[in-house]
Amino acid sequence: MTHESMFRAFDISGSGLHAEWVRLQVVANNVANAETTRTPEGGPYQRRHVVFSTVLDGLNGVSVQGVVPSESPPRTVHNPGHPDADADGFVAMPDIKVPLEMVDLMTASRAYEANLIAMQNFKQICEETLRLLR
């Protein structure tokens, strides 16, 4: 077993940590903007999601390909007193369902924790191996 292949598990977990950290940031941003009706680009905030891909043959981790806006249309809410209401009193709101975002936040958090535990276990195995070799 080569030095590089021995540490592949550490690299895989590290890529998973990074990917889930990005997902946590994106979901938090979605929740923070769930009521944003006016953006610098115009119109309501668009929900974003992370696009992942496996690295090489799938045994080398995961990478973040990008953060892309959702293609779902905004939802409309009747609120005539809102500053962004149209002539009929409807406001275009982001198509963000906070309970679903919270579920996504929990799954990203759990995946982050799982990768962190895998890295910690690998570190313990390496330390124990070094201790036995002394």
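The values are calculated or read from the model by the stated rules, or taken from the named source; none is laboratory data. Since we're looking at a predicted model, the values are computed, not measured. Every residue, glycine as well, gets a Cβ built from its backbone with ideal geometry; the counts of neighbours run over all protein chains shown.
How many residues are of a type in the set (G, A, S) and closer than 9 Å to A108 by Cα when one looks only at segment 20-33?
Kept after step one, since they are of a type in the set (G, A, S), are these residues of segment 20-33: 28, 32.
From what is left, the residues that are closer than 9 Å to A108 by Cα are none.
Number satisfying all stated conditions: 0.
Can you tell me which of P94, P40 is of a type outside the set (G, A, S), at pLDDT 95 or above and farther than 30 Å from F122 by Cβ?
Values: P40 fails: at pLDDT 95 or above.
The conditions single out P94.
Going by what's in this entry, would F10 be described as modelled with pLDDT under 95, aromatic (F, W, Y) and closer than 23 Å to N121 by Cα?
Yes: the conditions hold for F10.
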Checklist entry - Within the bounds of segment 63-71, is there any residue that is over 30 Å from I125 (Cα atoms) and more than 16 Å from the chain's Cα centre (by Cα)? => result yes
Next on the checklist: Residues to consider are P44, P94; find the one that is over 20 Å from the mean Cα position of the chain (by Cα) and more than 24 Å from G16 (Cα to Cα).
Outcome noted: P44
Item to check | Unique residue being in contact (Cβ under 8 Å) with a residue 24 or more places away in the chain, in a strand (DSSP E or B), touching a strand residue (DSSP E or B) at 6+ places or on another chain (Cβ under 6 Å) and crowded, with 16+ Cβ neighbours inside 10 Å when the list is V91, V67 | outcome: V91
